[in-house]
1. Output needed for the chain: three equivalent-ellipsoid semi-axes, defined as square roots of 5 times the C-alpha gyration tensor eigenvalues, in descending order, whole Å.
2. Which value in deg cm²/dmol, rounded to the nearest 500, describes the helix-derived mean residue ellipticity at 222 nm for the chain, given -39,500 (n - 2.57) per DSSP H run of n ≥ 4 and division by the residue count?
3. With label points built 7 Å along Cα→Cβ from the Cα atoms of Ser268 and Asp22, find their separation and express it in nm.
4. Test of understanding: what is the full-extension gain from Arg149 to Gln230, defined as 0.36 nm times their sequence separation minus their Cα-Cα distance?
5. How far is helix 285-298 tilted, in degrees, relative to the longest principal axis of the Cα atoms in the chain, given as a value from 0 to 90 rounded to the nearest 10?
6. For the cross-link pairs Lys53/Lys240; Lys146/Lys333; Lys48/Lys115; Lys48/Lys146; Lys263/Lys333, which exceed 29 Å when the distance is taken from alpha carbon to alpha carbon?
7. For Lys27, give me every one of the lysines with a C-alpha distance below 21 angstrom, ignoring sequence neighbours fewer than eight places off in its own chain.
8. How about Lys319: which aspartates and glutamates have a C-alpha closer than 13 Å to its C-alpha, ignoring those fewer than 8 places off in the same chain?
Amino acid sequence: MKAVGLTRYLPITDPESLRDVDLPSPKAHGRDLLVRIEAISVNPVDAKIRRSKGPDHQEAFPQVLGWDAAGVVEAIGNEVRMFQPGDAVYYSGSIGRPGCNSEYHLVDERIVAHKPISWSMAQSAALPLTVITAYEALFERMGIAKDGRSEGQVLLIIGGAGGVGSIAIQFAKLVQLLVIATASRVESESWCRQMGADAVIDHSQPMLPQLQRLGYPTVDYILNTSQTDQHWSDMAEAVKPQGHICGIVDTMQSIDLNVLKRKSATFSWEFMFTRSMYQTDDMVEQHKLLTQVAHWVDSGMLQPTLTQTLSPINAANLKIAHAKIESGRMIGKLVLTGWSS
Ligand SMILES: NC(=O)c1ccc[n+]([C@@H]2O[C@H](COP(=O)([O-])OP(=O)(O)OC[C@H]3O[C@@H](n4cnc5c(N)ncnc54)[C@H](OP(=O)(O)O)[C@@H]3O)[C@@H](O)[C@H]2O)c1
């Protein structure tokens, strides 16, 4: 089968950073689905792993990246209960297994859902990784209520126009929160408003005076999609007593948790690969949340986050996608579709 892989961990400008390779097709066993991949998206994690071991590390076999997929179930393992061949599905997959940048891909059914019926493969492939992250961060880690009980509470989303921010804004508006997003450019500000943000402030400028001018010097919840330490002191200042901050990006230096003590404020990590990485007992929750989100899509309650499509899926187009992700200036999501014949 066709795939895009790496054997060395190189800058994306190096012609060898990602290569078109031919690999044996895998076989489905146990709870695995074998999925024929039709569309994939690219996330910052792909670029982080592509650089992770440094240029001198040599892999014996091509490593395949990619953790956002939409496609059709080709075959199922003997313990699969929720899917059949022919089902159209979407999922992120597990960081502990080969990624989805290949014509055929194995994934555990417990972290897969039927894709939204009303959206294309490309629109669906833009969703899973960011959906799982935003859903778990808002509704599970921070405990925002999905039944309207959190109505009117204020959420600050730092980095509102990126992949995670674009869907987090929409989830928060679905449950009637007041959403303040951050963006540093005219086009990213406008995208945040299009996604539903009630107000937008600029993260390249001091944020506290901007929150004060808006009339919200403190907020109930903060989701930070950018570096945790960079915005730490502002977040500690801006979170309400008994409020909640959720981080999704590693700190570059240690942070002082004591600053939250007086306020009895909570800090949570969200890592969307935790359930698949540790095979937690509640791993199937990711199947359930992706199913819930597909239902929201098909009920017209969400709008696509897809902003750019490249075709076909190959090393040349994946290099373009990685370079764009590494610029730190993504708006919404970039997707690759189809395989050349
Ligand atoms: N823990 C997890 O499970 C998890 C899951 C998904 C993603 N992540 C991580 O979360 C981060 C965001 O992911 P993503 O997919 O949303 O990335 P993305 O789409 O590449 O994010 C791009 C956005 O980041 C904003 N941004 C750039 N510098 C910023 C800064 N200093 N402060 C605030 N915002 C800034 C940009 O806004 P402007 O252009 O307006 O500046 C841009 O719109 C990545 O590091 C990713 O690896 C973690």
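1. Details: eigenvalues 228, 100, 68 Å².
After scaling each eigenvalue by five and taking roots: 34, 22, 18 Å.
2. Numbers: 10 runs with 89 residues, N = 341.
It lands at -7500 deg cm²/dmol.
3. Calculated label separation equals 4.9 nm.
4. On the way: separation 81, 0.36 × 81 = 29.16 nm, distance 3.16 nm.
Additional length available on full extension: 26.0 nm.
5. Around 80 degrees separate the two axes.
6. Values: Lys53/Lys240 40 Å; Lys146/Lys333 25 Å; Lys48/Lys115 27 Å; Lys48/Lys146 33 Å; Lys263/Lys333 36 Å.
Checking Cα-Cα distances, Lys53/Lys240; Lys48/Lys146; Lys263/Lys333 exceed 29 Å.
7. Reachable lysines: Lys2.
8. Asp14, Glu16, Asp20, Asp46
Readers should treat all values here as calculations from the given coordinates under stated rules, not as data from a laboratory. Computed from a predicted model, the values in this text were never measured in an experiment. A quick note on method: Cβ atoms are made from the backbone with ideal geometry, for glycine too, and the neighbour counts reach across all protein chains shown.
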